Ligand code: 6R9
């Protein structure tokens, strides 16, 4: 990215230093940076010793001789499930709540202590073994946000069987391709699931997927909705029949630090999904370290809520492995925000006195759109820290989050990381960092990143380029399942010796980082490089706009042109009689972008819509919007949370043109 990059975001002047009160009690101390810089490997060795229990100590922190294939904590042995569960019970914390589970139907609640969890995982581990599942056999898990999902993951970890979770919203097709790629022998699923107050079947998708998967021997089915389902006596078995009769004693054997823990598929823009795989010692160390320091977790008093889906990496690292390693108390919530239940979250925070909340910018913007009526009558004063992940957070959304949800004083941590990085890499440390709204700030102690130009040279402060990681880190992916060449090619060939993250970023004058979205989201308009994030942030800073998605559409004269899709805030929708037709509003928004960034960034087209196409993890699928903007057939929509959104947008486009 060149100097021509327009620097709207860098004009952000607001600063939020930590309060003395927060700093005094904070887990993270400024000295962490110095300790890590003094000797990075010794630093990670100390974290691994302090945060985990090893049955055999490691001899070496890092072996990078076969780069880019890393080995962390070489020679060490441990059991991930023991670290997440048993050792806490042994330490007398059996009565501590591991999860407050809240189902989508309001009356569905369960409280699960660490002692309960131990009994449940032991039974489930015995059950898997009774099906002939042992070390290195893979298990596919296609379940909604229910306690059995976490139990199934931990049971797999306990016996050294890598799990692969598939979002319960994905199609039979998606499930079948993951089962085949991971070579799964067992699928764990449910009869159905509850979403947005309604029930949706799951088992039929599994039947369809398994029909194409000759390697699958057994399908274990949790009864969730109680709906009628087709049943194959020779293959299907109810979870309650299989698991409940097992002994609740199970000895956790230890495994090598590099034992594969799980495979998680991420969709690229093209090609078949990549099976990113993580191993045990390094992954758990960095999950526990970041969970404690970034979220300032005091396990004895905090109630922590990561509101992601367990089927994506944020759920793996920050609903399951990080919090459990730290013996924290978490919320596990089955529902998702929807217009029919705008205040469910706030009610739950009030009821459980949640102190730490971690969610995605898309959710924050959805709540901004709904306005503050939803907060009436709910006491949010238990909150003391707020986190964001998944996409760049626009400065206005950041401020709204802090002010409206965080009472104007909760620190906000914007955490950058990926499925591939396994755990948080770039983030402020609460109690230490003076934050800037919209910036993920700096690499965490122990992590080294940089921003480089096309030739791989670091850019000076004040410039933009590509985000890279410059040295191996404990939770890094160990590869693409079954395809080492693709691993090398995708991440390590663009800049030799550097991990290429695929994100654009800028270093501001202080050297702090501003993430600009995927590099394929960068537009080129008349030779100027424009980031979608910058224009989206400019639009969201307009008082009438709640959400915006910007894409570059091909244009014969300017190369690309800027097209924007915006969702209005509730108040603005009520004001405007004809949302979208109102050319006045569109003109106002175009002028606003010109004022905020410059006339070159003015969207040629602005379409007011009621929804944007998003994945289940809350990322806007801009390539679909590009299809609309360039007026061609819409590409693959199977990973969308709601596949009807694109039809609505098409119609909207047709009526305004
Ligand atoms: C954890 C997760 C990874 C991609 C990543 C980047 C985007 C995530 C971000 C962020 C800006 C942040 N991303 N966190 N961009 N600021 N705080 O989301 O993993 O689903 O693999 O996505 O998400 O583009 O490359 P994953």
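Remarks
- Among residues of the range 487-535, those that are part of a helix (DSSP H, G or I), away from the ligand (no atom under 12 Å from the Cβ) and crowded, with 17+ Cβ neighbours inside 10 Å, counted: 4
- Conditions (1) farther than 26 Å from residue 274 by Cα; (2) assigned to a loop (DSSP other than H, G, I, E, B): number failed by residue 346: (2)
- Filtered residues of the range 144-193 (kept if farther than 24 Å from residue 280 by Cβ, touching a helix residue (DSSP H, G or I) at 6+ places or on another chain (Cβ under 6 Å) and not in a strand (DSSP E or B)): 172, 175, 176, 191
- Residue 106 passes every criterion in (1) under 26 Å from the mean Cα position of the chain (by Cα); (2) modelled with pLDDT of 95 or more apart from (2).
- Residue within the range 80-90 that is loosely packed, with under 14 Cβ neighbours inside 10 Å and either out of contact with any helix residue (DSSP H, G or I) (no Cβ under 6 Å at 6 or more places or on another chain) or assigned to a helix (DSSP H, G or I) (or both) present: yes
- Of the candidates 125, 67, the single residue that is under 28 Å from the mean Cα position of the chain (by Cα) and surrounded by 19 or more Cβ atoms within 10 Å (Cβ to Cβ) is 125.
- Test: residue in the range 199-216 that is touching a strand residue (DSSP E or B) at 6+ places or on another chain (Cβ under 6 Å) and within 15 Å of residue 152 (Cβ to Cβ): yes
- Within the range 290-330, the residues that satisfy the criterion of being over 21 Å from residue 156 (Cβ atoms) and in a strand (DSSP E or B) are 303, 304, 305, 329.
- Residue list for the range 398-408, restricted to those being without any contact (Cβ under 8 Å) to a residue 40 or more places away in the chain and within 15 Å of the ligand (Cβ to nearest atom): 401
- Filtered by the rule that a residue be part of a loop (DSSP other than H, G, I, E, B) and surrounded by fewer than 22 Cβ atoms within 10 Å (Cβ to Cβ), the range 468-484 gives 470, 471, 472, 482, 483.
- Top-ranked residue in the range 345-365 [being in contact (Cβ under 8 Å) with a residue 60 or more places away in the chain, more than 16 Å from the ligand (Cβ to nearest atom) and under 27 Å from residue 540 (Cβ atoms); ranked as nearest to the chain's Cα centre (by Cα)]: 356
- For the range 366-391, filtering for residues that are closer than 22 Å to residue 568 by Cβ and within 20 Å of the chain's Cα centre (by Cα) leaves 3.
- Test: residue in the range 419-432 that is more than 11 Å from the ligand (Cβ to nearest atom), over 15 Å from residue 16 (Cβ atoms), touching a strand residue (DSSP E or B) at 6+ places or on another chain (Cβ under 6 Å) and not in a loop (DSSP other than H, G, I, E, B): no
- Conditions (1) within 16 Å of the ligand (Cβ to nearest atom); (2) outside any helix (DSSP H, G or I); (3) crowded, with 20+ Cβ neighbours inside 10 Å; (4) in the same structural domain as residue 71 (by the TED database); number of the one not met by residue 465: (4)
- Index of the failed condition, residue 282 passing every other in (1) surrounded by 24 or more Cβ atoms within 10 Å (Cβ to Cβ); (2) within 16 Å of the ligand (Cβ to nearest atom): (2)
- Condition met for residue 512 (touching a strand residue (DSSP E or B) at 6+ places or on another chain (Cβ under 9 Å) and free of Cβ contacts under 8 Å to residues at least 24 places away in the same chain): no
- Selection of the range 366-397 for residues being touching a strand residue (DSSP E or B) at 6+ places or on another chain (Cβ under 6 Å), within 16 Å of the ligand (Cβ to nearest atom) and assigned to a helix (DSSP H, G or I) yields an empty set.
- Flag for residue 413 being closer than 18 Å to residue 521 by Cβ and within 11 Å of the ligand (Cβ to nearest atom): no
- Of all residues in the range 615-636, those being crowded, with 22+ Cβ neighbours inside 10 Å and within 14 Å of the ligand (Cβ to nearest atom) number 5.
- Checking the range 331-339 against the condition returns a match, with at least one residue being under 30 Å from residue 478 (Cβ atoms), away from the ligand (no atom under 12 Å from the Cβ) and crowded, with 22+ Cβ neighbours inside 10 Å.
- Restricting the range 179-224 to residues that are buried (at least 19 other Cβ atoms within 10 Å of the Cβ) and over 20 Å from residue 139 (Cβ atoms) leaves a set whose member that is modelled with the highest pLDDT is 192.
The values are calculated or read from the model by the stated rules, or taken from the named source; none is laboratory data. This structure is a prediction, so every number in the text was calculated from the model and none was measured. A quick note on method: Cβ atoms are made from the backbone with ideal geometry, for glycine too, and the neighbour counts reach across all protein chains shown.
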